[in-house]
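A quick write-up on the structure given underneath.
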Amino acid sequence: MAADLLSLVAVVTGASSGIGRAIARKLLDDGATVCAIGRDQQALAELAGDAGAPVEGRLLPYLADLADDEACRLVAGQIKSDHVAVDVLVHAAGAIELGGHATAPADGFDRQYQVNVRAPFVLTQAFLEPISARPGQVVFVNSSAGVRAAAGAGQYGATKHALKALADSLRDEVNAQGVRVLSVYVGRTATPMQARVHAHEGRDYEPERLIQPDDVASMVLACLRLPATAEVTDLSIRPLLPPR
Ligand SMILES: NC(=O)c1ccc[n+]([C@@H]2O[C@H](COP(=O)([O-])OP(=O)(O)OC[C@H]3O[C@@H](n4cnc5c(N)ncnc54)[C@H](OP(=O)(O)O)[C@@H]3O)[C@@H](O)[C@H]2O)c1
């Protein structure tokens with residue numbers, strides 16, 4: 001795959017907000033065509049206005065609730081019928097429900113599992129053929145909780161550990177075909193999700209002290225641009241400033 005992202009087709013989940021949105025926007029700025037998946041139609045459409053470069057038909061919004069397997073397969077089928085090739089698949093959609101072992105309802109586990117684990121699995125499976133044919137690249141936006149889960153985030157951390165397992169296993173299966181697989185373990189990043197986490201923890205939300213979504217996106221695009229002889233497998237990004 002070329003070190004340049006111009007004219008590639010990228011599928012990005014979570015493109016309506018936060019980290020996924022920043023990645024989608026930078027891909028558009030670099031000339032890629034972006035199939036932007038989310039549930040918020042208006043937010044997806046507004047991506048065109050946010051991009052720094054003219055988008056001219058390169059932003060294709062796709063509505064899908066990734067909590068539903070069939071919706072994942074349907075949206076993948078629609079994208080594959082709209083585009084012969086898929087070069088990049090970015091799994092950035094995610095759900096979080098916090099709570100300790102004493103009180104967290106078990107149902108929350110299933111909701112997070114659906115979006116954080118099952119949807120990336122079903123979508124990867126659906127795009128495996130076109131991604132292998134290029135060969136392309138798959139990015140999993142994981143979390144520091146996917147390496148070490150903290151108190152009060154056991155369910156979320158378990159889903160992100162499972163996502164690490166999917167990425168590691170996929171990498172072993174597809175590297176020989178030239179497909180690269182990147183896991184990005186991000187710490188606290190200034191997004192609506194992190195604002196909700198701060199509210200849950202009763203902390204003041206100071207987004208300027210956190211990682212900025214654009215900086216995560218810059219790192220991801222640097223990895224995507226790497227010449228094809230090398231692969232960044234795991235990228236760990238944390239805020240420079242300690243929490244207060
Ligand atoms: N922010 C952080 O501090 C942080 C830290 C570690 C890891 N992460 C991970 O980074 C990724 C992006 O999170 P973020 O912080 O950017 O959060 P965010 O701003 O809340 O965005 C979450 C995205 O996920 C999508 N999504 C959630 N449930 C969905 C569903 N059922 N169907 C379709 N789309 C769904 C949302 O789409 P709609 O709004 O259109 O529904 C939205 O685009 C997640 O995987 C998260 O776990 C974030």
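Taken together, the values in this text are just the output of simple stated rules run on the coordinates, not laboratory data. Just so we're clear, the structure is a prediction, and the values are computed from it rather than from any experiment. So basically every Cβ, Gly included, is an ideal-geometry build from the backbone, and we count neighbours across all protein chains shown.
Here is how the numbers come out for the structure above:
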quantity	calculated
Viscosity 0.890 mPa s, 25 °C: Kirkwood-radius Stokes-Einstein D of segment 91-184 over Cα pairs, µm²/s	178 µm²/s
Between helix 154-174 and the chain: long-axis angle, C-alpha atoms, 0 to 90°, nearest 10	30 degrees
Gain upon complete extension [residue 45, residue 229; 0.36 nm per residue less C-alpha separation]	62.6 nm
Gap separating the Cα centres of segment 29-54 and segment 144-169, nearest whole Å	29 Å
Debye-sum result for segment 193-244 in log10 I(q)/I(0), which assumes one identical scatterer on each alpha carbon, at q = 0.13, 0.21 Å⁻¹	-0.45, -0.83
Likely footprinting exposure, 80, 160, fewest C-beta neighbours within 10 Å first	80, 160
Three-way shape call for segment 47-88 based on the alpha-carbon gyration tensor, with the a/c threshold at 1.5	oblate
Cβ-placed point charges (K, R +1; D, E -1), dipole of the chain about Cα centre in debye, nearest 20	460 debye
Mean residue ellipticity (222 nm) of the chain, computed from DSSP H runs ≥ 4 via -39,500 (n - 2.57), nearest 500	-13500 deg cm²/dmol
Cα-based helix-to-principal-axis angle, 213-225 vs the chain, degrees rounded to 10	40 degrees
Residues whose placed amide H lies under 5 Å from that of residue 182, excluding near-sequence neighbours	138, 139, 140
Using a Förster distance of 22 Å, the FRET efficiency for residue 214-residue 241 (Cβ separation, nearest 0.05)	0.80
Percentage, to the nearest whole number, of Cα pairs in segment 11-116 over 17 Å apart	54 percent
Rounded to whole Å, sorted largest first: equivalent-ellipsoid semi-axes of the chain, Cα gyration tensor	27, 20, 18
Helix 41-50 axis, angle to the chain major axis (alpha carbon atoms, nearest 10°)	70 degrees
